[in-house]
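Q: Once you've had a glance at the structure underneath, I'll fire off some questions.
The values are calculated or read from the model by the stated rules, or taken from the named source; none is laboratory data. Everything numeric in this text was worked out from a predicted model, so none of it was measured. Don't worry about glycine lacking a Cβ; one is built from the backbone with ideal geometry, like all the others, and counts go over all protein chains shown.
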Amino acid sequence: MSTTPRRPARPRFYDGRHYVAGDSVGYLLNQVVLSMRRTIEQRMAVHGLTAAQWYPLWRLKLGHEGTARDLARDTDIDAGAMTRLIDRLVQKGLVERSRSATDRRALALRLTPAGEAVAAEVPRVLAQVNNDYLRGFDAAEWQALQGLLRRMLDNGRALAEPAARGGRR
């Protein structure tokens, strides 16, 4: 008798011969994310922010200060597009640039007092939107949903690891 633990069988919830996209978890998750993004964008507009602007402001508020290139990398946005976005935030008086203390060639980004005030609204809006989308859930369902989504993320990371090492799964 073997004492080696058995790997669980891969589930087969979907069959390619009878696949209905609208019933897939990926499709439903994507629809929820798109809907939440639209709602967040509408609510951020009240604070004078576009969908692209609120996230870099919030990153700066959280202490992820650095350069436009750093923010571009952290937010997965093209560096040129991020520079133009920062230009607009500077024009709005929400962000300022200054010479980096560690690299004279680089321009460090920092929130202005007005930027601090606007960025302080971001978590309030995000919390409100999340709560609105969770209307009717109880605490156990909310925790179960978080656990299930984290498990899916872990599964995705496990699939990506062999690919990053050049292997297959």
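Q: Based on this model, can you work out whether Ser24 counts as at negative phi, over 15 Å from the mean Cα position of the chain (by Cα) and of a type outside the set (A, V, I, L, M)?
A: Numbers: at negative phi: yes; over 15 Å from the mean Cα position of the chain (by Cα): yes; of a type outside the set (A, V, I, L, M): yes.
When the stated conditions are applied, Ser24 passes them.
Q: Considering the range 37-85 alone, what residues qualify as being farther than 16 Å from Ala120 by Cα, among the hydroxyl-bearing types (Ser, Thr, Tyr) and within 16 Å of the chain's Cα centre (by Cα)?
A: Thr39, Thr75
Quick grid of which residues meet (1) small (Gly, Ala, Ser); (2) more than 24 Å from Val129 (Cβ to Cβ); (3) in contact (Cβ under 8 Å) with a residue 40 or more places away in the chain:
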{"position": "Trp54", "(1), (2), (3)": "no, no, yes"}
{"position": "Asp70", "(1), (2), (3)": "no, yes, no"}
{"position": "Val95", "(1), (2), (3)": "no, no, no"}
{"position": "Ser100", "(1), (2), (3)": "yes, yes, no"}
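Q: Shifting gears a bit: Which condition from (1) closer than 26 Å to Lys92 by Cβ; (2) at pLDDT 90 or above is the one that Ala52 breaks?
A: (2)
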